[in-house]
Amino acid sequence: MKILVFNCGSSSVKYQLIETQTEECLAKGLAERIGLENSLLTHKPAGRKTVCHKKDIEDHDIAISRIIELLCCPDYGIIKNINEIAAIGHRFVNGGARFPVSIKLTDEILSDLYRAVDLAPLHNPNHLLGIEACRRFMPATPQVIVFDSAFHIQGMPDHAYIYAIPYSYYDHYSIRKYGFHGISHKYVSQRSAELLGKPLENLCLITCHLGNGSSMTAIKYGKSLETSMGYTPLEGLVMGTRSGDIDPAAVLKIMNLEGFTTQDMLNLLNTKSGLMGISGISPDMREIIFESKQGNRRAELAFKMFCYRIKKTIGSYAAVMGGVDAVVFTAGIGENSPEIRQGCLEGCEFLGIVMDYELNNDVNASGERDISSKGSKCKILIIPTNEEIMIARETVQVLTER
Ligand code: ADP
């Protein structure tokens, strides 16, 4: 089956066409700077040259119609016509408790997705633009919605997801922890079980998705028991530009000091904080590490804070699961930075987590691998994430099983 996977952001649309029998990516690409100057559409058919289109892309409709054209075009295409696409799978950041599993799109589901816009105001509206465009250009093709929140909503017990504020806010307004990056955490947990040669149902895993946005999950016997992001992706770890955990009283104090509106404050916490806010240099971990090695004290502080919060979370997750069989690193920082992996796990030997520093630092190594030392009770795995494959798998499952 050929599944077209979309991840629609505010000014970008990422896509992959996946043959699910072999899990081969037939083509992938990115439309970027949608609605801005210098829009660009990059399309890469497997085994062939990348094609770059520099025409204006005014909106998501135009982006998706051009992507479909490229997929079907005789020169760079992969298919003869859109009827070869069995279904479309969309990433959707937060569907709330109404959507604990992936679901096939209907008119009724679409209305419910519009009602969930407030649960991820920076992400959900863009996913809806993509869904609407696909309905327009491929009206006969089934669409499946795969939620980043679903893995956590299925797994977390109420004592983990309810905030200790008056219960009525949960009851009336659904204010609770949802958790994100669920598609990625689920993918790497399944791959970990395969690599370790043990059933997922017997394993306690701590998965660390460390990218521009970062989150960790405690996965006990295949279920998300606890995760670091919360009602929104702002809670938890130190991120590129997001603060992660902070005392709400400090937030209110800053609002008073600066005369900020809630939008101003959200902006500060989402876009001016994290690595960027601490270092004053960059949200990009490569620059933070480079500057830190040059002796920049604030870059060094940002680096230490990033690792410290991860280490603190590892300790608490090992405690709530009653042990840990593997710590798994994924995403841009987790997959590529030996410095960060070492910074997070140094001192965790008492938990049975012992790193092989040579393996961790091996610049020639890539892909899935185990970097724990021979005697380590807990394995340390690096697993490149693949959210697109996971979305394609879920799409097939929804269409065939449910
Ligand atoms: P996104 O959340 O946007 O998908 P990614 O998973 O691509 O983000 O991760 C981006 C982050 O990964 C950036 O902070 C970047 O600096 C970091 N990164 C990529 N390669 C390296 C590397 N070799 N060393 C350290 N950090 C890296």
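The values are calculated or read from the model by the stated rules, or taken from the named source; none is laboratory data. Nothing here was measured: the structure is a model prediction, and the numbers come from that model. Backbone-built Cβ (ideal geometry, glycine too); neighbour counts: all protein chains shown. When the accessible area is computed, the model is the full protein with side chains, heavy atoms only, and any ligands, DNA or RNA have been set aside. Shrake-Rupley method; radii C 1.70, N 1.55, O 1.52, S 1.80 Å.
Quick check on the range 350-402: of everything there that is more than 29 Å from L17 (Cβ to Cβ) and touching a Phe, Trp or Tyr at 6+ places or on another chain (Cβ under 9 Å), which residue is surrounded by the fewest Cβ atoms within 10 Å (Cβ to Cβ)? Steps first, please.
Quick first cut of the range 350-402, residues more than 29 Å from L17 (Cβ to Cβ) only: 350-365, 370-380.
Applying the additional criterion that residues be touching a Phe, Trp or Tyr at 6+ places or on another chain (Cβ under 9 Å) yields 371, 373, 380.
On the way: I371: 24, S373: 16, I380: 24.
My answer is S373.
Among residues of the range 24-36 that are within 20 Å of S10 (Cβ to Cβ), those with a Cβ under 7 angstrom from a residue that is in a loop (DSSP other than H, G, I, E, B) and of a type outside the set (G, A, S), sequence gap 6+ or separate chain, pair up as A31/I57; I34/I57; I34/D59; G35/E58; G35/D59. Residue pairs whose Cβ atoms lie under 7 Å apart, sitting 6 or more positions apart in sequence or on different chains, and linking a residue in the range 118-142 that is free of Cβ contacts under 8 Å to residues at least 60 places away in the same chain and acidic (D, E) to a partner that is part of a loop (DSSP other than H, G, I, E, B) and open to solvent by 30 Å² or more (accessible area, probe 1.4 Å), do not occur here. For residues that are small (G, A, S) and away from the ligand (no atom under 12 Å from the Cβ), scanning just the range 283-301, find the one that is surrounded by the fewest Cβ atoms within 10 Å (Cβ to Cβ). So the residue we want is G295. All of (1) open to solvent by 50 Å² or more (accessible area, probe 1.4 Å); (2) in contact with a helix residue (DSSP H, G or I) (Cβ under 6 Å, 6 or more places away or on another chain) hold for R136 with one exception: (2).
The number of residues in the range 65-108 that are outside any loop (DSSP other than H, G, I, E, B) and either aromatic (F, W, Y) or under 22 Å from T232 (Cα atoms) (or both) comes to 4.
The one condition from (1) surrounded by fewer than 15 Cβ atoms within 10 Å (Cβ to Cβ); (2) over 20 Å from E194 (Cβ atoms); (3) within 16 Å of the ligand (Cβ to nearest atom) that G347 does not meet is (3). Selection over the range 302-321 of residues that are touching a strand residue (DSSP E or B) at 6+ places or on another chain (Cβ under 9 Å), of a type in the set (A, V, I, L, M) and buried (at least 17 other Cβ atoms within 10 Å of the Cβ) gives a count of 4. For the range 171-184, indicate whether the set of residues that are among the small types (G, A, S), open to solvent by 40 Å² or more (accessible area, probe 1.4 Å) and at pLDDT 95 or above is non-empty. Scanning the range 171-184 turns up no residue that is among the small types (G, A, S), open to solvent by 40 Å² or more (accessible area, probe 1.4 Å) and at pLDDT 95 or above.
The set of residues from the range 205-220 being touching a residue at least 40 places away in the same chain (Cβ under 8 Å) and open to solvent by 10 Å² or more (accessible area, probe 1.4 Å) comprises H209, G211, N212, K220.
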